[in-house]
Amino acid sequence: MVFRCAQTGGIIDGPAEGIWDDGEWISWDWVNSNIYENELKSRHPNASLDLVMVFEQIIEVAGEYHAVTGRHLPVYGELGEIFAEITFGIQRNKPRAQGSDGRIGNDLVEVKTISPEKSIEKVEVKRAGNFNKLIVVKISEDFHFEARMIDRTEMNKGTGKLARVSWPSMEKMQLDESLGKEKGIYIAFPTSRVMKSIYRPKNYKTMVNEQHTKVGITKNSFKSRRKGYIDNFDNQVNFIPIAIVHPDQLNKAETSILAVIREKYKRVGRAREWFHTQNRDDLVELILTTLAASDIEHKLIN
C-alpha cells in the first residue's frame with residue numbers, strides 16, 4: 001500500500017518521512033517548509049513571501065559560491081535593494097530608472113550597500129541626487145544583513161559632489177521619529193581627542209574633546225539639536241536625550257540642573273553648560289535626581 005502526503009501528493013515510505021495527523025499523512029518536508037515559511041513571514045511581515053524566499057535562495061548561492069571559489073558574485077547591490085524593500089517597504093523604481101531607487105510613501109529613497117568585500121564601512125552618495133532618505137545596507141562576511149535609514153538632512157553639509165556616510169555614524173544619527181520631535185534635557189560629548197570649538201560657525205574660543213561633556217536643553221527639538229552637534233563635530237559626537245520636559249519649564253529645569261552639576265564639576269572656559277568630566281553616568285544621575293526632587297513636569301527616556 002502506498003501512502004501519500006495529503007498536502008503535496010508525495011509518497012511517504014514510513015514514519016521517518018511523515019506523520020499521521022487527523023486521519024491523513026503529512027510529510028516532514030511539508031511540515032518543515034511551513035515552519036520555514038512562517039519564520040520568514042514573522043521576520044518580514046509586510047513583504048511578499050515569494051520575494052523573501054528568492055532573496056534567501058540568492059544569499060545561500062552567493063555564500064556557497066564564495067566558500068567554493070573564494071570569489072564574490074556581483075549581486076550585492078541588488079541584494080541590498082531587495083533587503084531594503086522587504087525591511088522598510090520600499091516601492092522600488094524600475095531597473096535603470098533615473099533618480100532615486102524607490103519610495104516610502106512620499107519620500108524618495110536612495111539605497112547604498114556595504115558589501116562583504118569592503119574593508120571600510122562607508123558609502124558615497126551624490127549630493128545632487130534626488131532623494132529624501134538614505135538607506136545603507138551592510139552585509140557581513142558571514143552574509144548577515146543589517147540596514148539603517150536616516151533623513152537626508154542628517155548628512156554632513158559640504159561642497160563636494162559626493163557626501164560620505166559611515167555605518168557607525170548612522171547609528172548616532174538615528175532617532176525615533178516621535179522622540180526626535182520632543183524637547184527636553186540631553187547630554188552630548190565628542191568622541192575624538194582633537195580639540196574643537198563648541199560652535200565652529202561663530203568660531204567660539206572654548207575648545208572641547210572627549211574629556212568634556214555638555215548638559216543642555218533643546219529649544220526646538222532633540223532631532224535638530226543633535227544635527228547641530230553632528231555638523232559641528234564631524235559626526236564624532238554622542239548625543240543622548242535624557243528626559244522630555246514641558247517647553248514652559250525648560251529654563252527652570254536647566255537652571256536647577258546646572259546649579260547642582262556646578263557644585264561638583266568645573267566648567268570648560270566660559271561655557272556655562274560644558275564640564276570637565278567623562279563621568280557621564282554621574283551626570284545623568286544628577287539630572288534624574290534633580291528632576292525627581294522638583295515639581296518640573298517631565299518624562300524620563302529609557
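The values are calculated or read from the model by the stated rules, or taken from the named source; none is laboratory data. Quick caveat, the model's predicted, so the values are computed rather than measured. Heads up, the Cβs are rebuilt from the backbone with ideal geometry, glycines too, and the neighbour counts pull from every protein chain shown.
Restricting attention to the range 196-218, does a residue exist that is assigned to a loop (DSSP other than H, G, I, E, B), farther than 23 Å from Leu179 by Cβ and of a type in the set (D, E, K, R)?
Going residue by residue through the range 196-218, those that are assigned to a loop (DSSP other than H, G, I, E, B) are 198-199, 203-206, 209-212, 218.
This time we only want the ones that are farther than 23 Å from Leu179 by Cβ, so: 198-199, 203-206, 209-212.
From what is left, the residues that are of a type in the set (D, E, K, R) are 205, 210.
Yes, the range 196-218 has at least one match.
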(request) Looking at (1) among the hydrophobic types (A, V, I, L, M, F, W, C); (2) in the same structural domain as Val109 (by TED's automatic domain parsing); (3) modelled with pLDDT under 80, find the lone condition where Ile35 falls short. (result) (2)
(message) What are the pairs with Cβ atoms under 8 angstrom where one residue, in the range 129-145, is touching a residue at least 40 places away in the same chain (Cβ under 8 Å) and the other, located anywhere, is assigned to a loop (DSSP other than H, G, I, E, B)? Sequence gap at least six, or different chains.
(response) Ile135/Ile90; Ile139/Ser115; Ile139/Pro116; Phe143/Pro116
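Checking the condition in contact with a Ser or Thr (Cβ under 6 Å, 6 or more places away or on another chain), at pLDDT 85 or above and surrounded by 17 or more Cβ atoms within 10 Å (Cβ to Cβ), which residue from Ile139, Ile185 passes?
Every option except Ile139 fails the conditions.
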(request) Determine which member of the set Arg148, Arg96, Arg103, Arg127 is surrounded by fewer than 18 Cβ atoms within 10 Å (Cβ to Cβ) and under 17 Å from the mean Cα position of the chain (by Cα). (result) Arg148
(request) Taking only the range 114-145 into account, find how many residues are within 16 Å of Leu162 (Cβ to Cβ) and either in contact with a Gly (Cβ under 9 Å, 6 or more places away or on another chain) or not in a loop (DSSP other than H, G, I, E, B) (or both). (result) 12
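From the residues in the range 224-240 that are of a type in the set (A, V, I, L, M, F, W, C) and not in a strand (DSSP E or B), which one is nearest to the chain's Cα centre (by Cα)?
The residue in question is Ile230.
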(request) For the range 252-287, name all the residues that are among the hydrophobic types (A, V, I, L, M, F, W, C), within 23 Å of Gln211 (Cβ to Cβ) and touching a residue at least 40 places away in the same chain (Cβ under 8 Å). (result) Ile257, Leu258, Ile261, Val268, Ala271, Trp274, Phe275, Leu283, Val284, Ile287
